[in-house]
Amino acid sequence: MDAPLANNMADTSNNSSLAQTLARFTPQQMFSMLVVVAAFIAIIAGAWMWGQTPDYRVLYSNLSDRDGGAIIESLQQQNIPYKFAEGGGALLVPANQVHEVRLRLASQGLPKGGTVGFELMENQKFGTSQFLEQINYQRALEGELSRSMQTLAAVQSARVHLAIPKPSVFVKEQLKPSASVVLTLHPGRVLDPGQVNAIVHLISSSIPNMPANGVSVLDQTGNLLSANRDSGGADSMDATQLKYVRQIELDYIKRIEDIIAPLTGAANVRAQVTADIDFSLSEQTAETYKPNQPPNQAAIRSTQTVESSNGVSSPGGVPGALSNQPPVPATAPIVAPAGAAATAAAATPSSLHKEATTNYEVDHTIRHTKLPVGSIKRLSVAVVMNNRTITDKSGKTTSKPFTESEKAQISTLVKSAMGFDDKRGDTLNLLNSSFSSEMQETMAEIPLWKQPETISLAKDSLKYLLIGGILLFLLFGILRPAFRNLMQAAPVTQLTEASQAAAQSTKHIDGAALYGAQQAANSYESNLQTAKQIAQQDPKIVATVVKEWVNAE
């Protein structure tokens, strides 16, 4: 007989045995078994669906009706499952698709946020009046400014109201534009004065001729954030000035601790610095006149010389017509006659006047000085050092303070590091004492059982363990006992039927059959007595027979 024929015969026998087993069940038992199997399949399907249900996260919250409808339509087109949170305040999608869906919606320009920008100018109708064009331009400008402010991390939404007056040809009648801004901040977020000033300058720089003091900024609670921006009080202190002071103090603290740490140890020194910074802005103009310098070093501005003479030459010659003749042109003979010198001396004027005036430059200095902003007026430094730790040969540690000479040397180092100036009024206070405890600022590590990844893994594992436990309970606690009861009920029923058939058949036994049964019972009693005698006479034979029976089993 070949293998396929044997397999077919085995399958036929199995099918026949299964059919015979099912035929033994009553209709009620069959119905109960089908109900149990159906319940088991339904529970398995429900557990599998529960295990496959994704974890939903918030996609967007506080959406307008227009944006919500557009986003839902896009999700339906992409076959992305979604649902609403309780109350409809948020739209939820599977957690593993949140970022991908946001990027897809952003590429489609969703959500629009209820503000319109310059795209409003793209759909201008023919015949629109100048008034409508101006209104649309103002709405577009307000929307663009709102979008710009919504890019800030602390701003959730923003509304901008612009008041732009009509231009006028008269200079005196021209009005400055103004703006009002209402900000809705994220929960737990605030804006510092520097950020408020940045928003004010953003608005004023976007509108022509708008002054910075014409912009008002409010938050969702009605607080005026742009108040006292130009006043001279303490409220107008710029955040950059406070940051500058803190930066200077930290710089000096680092210098002092770095210079002392090699001597005491990094954990054995603490320093604090208080800096008095002058942020006043001042300018000086001085005009100075100095005394005159010596003539040989002075600069000459101008020199004036005047010469004048009075008198006539001595008369000579014979009086008369010849002496009244005009003088002949002067000539210069090569050899002067002997009496020429006397004649020239006799012709010299009788009086001569000379006058010279010299003007020197006057020293004049004009100095324009602009004092620097942020100069240090005074420094106050406090340094605390821990006692020195000494370890002896036996390993015992003791605390010992620094000597006076060592503290003096350390004070000199600190003064050199901070640029100590007595004229400026700087102070230094150095204290050497034993620290009560180590004050090391260490960030506590998050335990493994508190980490988000561990919590998420534990939740997933607990979910699957719960599903597995339910399935095992259904299999071994309900289905297996039910099938066992059904399988035991069938033989009992069959045995009952067989006993009933045997009872019916015993009614027809004749006397011969009764006599044969009595004879068989007598032979059984005689065989039993013989076996008892053999067991008493030779127990080894009985033990051998029992051993063969056990091996046979």
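Note that the range 128-185 presents 65 Å² accessible area per residue, ligands and nucleic acids not counted, probe 1.4 Å. For the range 356-449, relative contact order (Cα pairs under 8 Å, six or more residues apart, normalised by length) works out to 35 percent.
Partner lysines whose Cα lies under 26 Å from the Cα of Lys459, excluding those fewer than 8 positions away in the same chain, are identified as Lys83, Lys450. Residues whose amide H comes within less than 5 Å of that of Asp426, counting only those at least five positions distant or on another chain, are Leu379, Asp421 (H built at 1.01 Å from N in the peptide plane). Straight distance only, please: which lysines reach the Cα of Lys540 with their own Cα at less than 22 Å, same-chain residues fewer than 8 apart left out? Reachable lysines: Lys532.
Amide hydrogen proximity for Leu59: with H placed 1.01 Å from N in the peptide plane, the residues at 5 or more positions away or on another chain lying under 5 Å are Leu91, Leu92, Val93.
Sorted largest first by accessible area at a 1.4 angstrom probe radius, with every protein chain in place, the residues Arg66, Arg480 fall in the order Arg66, Arg480.
The 1.4 Å probe gives accessible areas that order Tyr244, Tyr464, largest first, as Tyr464, Tyr244. Once backbone amide H atoms are built at 1.01 Å from N, Phe435 has Asn387 as its partners under 5 Å, excluding neighbours fewer than 5 places away on the same chain. Measuring with a 1.4 angstrom probe and ignoring ligands and nucleic acids, Thr221 comes out at about 100 Å² accessible.
The values are calculated or read from the model by the stated rules, or taken from the named source; none is laboratory data. This one's a predicted model, so the numbers in the text were calculated from it and none came from an experiment. What goes into the accessible areas is simple: the full protein's heavy atoms, side chains included, and nothing from ligands, DNA or RNA. Shrake-Rupley method; radii C 1.70, N 1.55, O 1.52, S 1.80 Å.
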